[in-house]
1. In the neighborhood of residue 51, defined by Cβ-to-Cβ distances under 13 Å, what is the net charge if each Lys or Arg adds +1 and each Asp or Glu adds -1?
2. Once you list every other residue whose beta carbon is under 13 Å from the beta carbon of residue 62, what net charge do they have if Lys and Arg are +1 and Asp and Glu are -1?
3. Summing Lys, Arg as +1 and Asp, Glu as -1, what charge do residues with Cβ under 9 Å from the Cβ of residue 31 carry, residue 31 excluded?
4. Once you put a point 7 Å from the Cα of residue 26 and another 7 Å from the Cα of residue 42, both along the Cβ direction, what distance in nm separates them?
5. Between residue 74 and residue 113, with labels modelled 7 Å along Cα→Cβ, what's the label distance in nm to one decimal, could you check?
6. For the chain, compute the number of Lys pairs whose alpha carbons are separated by less than 20 Å, excluding pairs fewer than 8 positions apart on the same chain.
7. Using packing as a proxy for protection, rank 43-50, 6-13, 17-24, 77-84 so that the peptide with the highest average count of other Cβ atoms within 10 Å comes first.
8. Based on the Cβ-Cβ distance of residue 57 and residue 91, what FRET efficiency does E = 1/(1 + (r/R0)^6) give at R0 = 22 Å, to the nearest 0.05?
Amino acid sequence: VQLQASGGGLVEAGGSLTLSCAASGNIFQINVMGWYRQAPGKQRELVAAISRSGTTTYADSVKDRFTISRDNIKNTVCLQMDSLKSEDTTFYYCNAKRMSFGMDYWGKGTLVTVSS
C-alpha cells in the first residue's frame with residue numbers, strides 16, 4: 001500500500017488547511033485510515049482516524065476544529081483543519097491499517113506551519 005499525502009503549507013493562526021491522502025496498491029481490506037502528527041523530539045500522536053464505516057476518533061486537542069472524512073471508492077482520506085493554532089505546527093502523516101493482516105502503512109510527512 002502506498003499513501004500519497006498533500007495539502008500542507010503555511011497558514012495564519014485562525015486559518016484553515018485541508019490535508020488529503022490517497023491510497024494505492026494492495027488496498028484490499030484497509031480498515032482504518034487516519035492522520036498522525038509528530039513534532040521534533042516527541043512521539044507521533046494520533047490526530048484523527050476514521051473506520052471504513054465512518055466511525056471517527058479525534059485527539060482532544062483538535063476536537064471541534066478538525067474534521068476527518070473518507071471516500072471508500074476513491075480510497076482517500078481528508079483532514080479539514082479549521083481554527084488552526086501555532087501549536088498545530090508540525091509534520092502530519094497519513095496512516096492506513098489492514099487490521100486483519102496486522103499491517104500498518106505510512107505516507108511521507110507533510111508540513112503544516114501555523115504563524116501566530
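The values are calculated or read from the model by the stated rules, or taken from the named source; none is laboratory data. No experiment lies behind these values; they were computed from the predicted model shown. Positions of Cβ are generated from backbone atoms using ideal geometry, with glycine treated the same way; all protein chains shown enter the neighbour counts. Surface areas here come from the heavy atoms of the whole protein model, side chains and all, with no ligands, DNA or RNA. Shrake-Rupley method; radii C 1.70, N 1.55, O 1.52, S 1.80 Å.
1. On the way: positive: 52, 70, 97, 98; negative: none.
In short, +4.
2. On the way: positive: 37, 63, 65, 85; negative: 45, 60, 64, 82, 87, 88.
Net local charge, residue 62 excluded: -2.
3. Values: positive: 52, 97, 98; negative: none.
Local net charge: +3.
4. 3.4
5. 2.8
6. On the way: 42/85; 42/108; 63/85; 74/97; 74/108; 97/108.
Taking the chain as the scope, the lysine pair count is 6.
7. Put in order of decreasing packing, that is 77-84, 17-24, 43-50, 6-13.
8. Details: r = 20 Å, r/R0 = 0.91.
Calculated value: 0.65.
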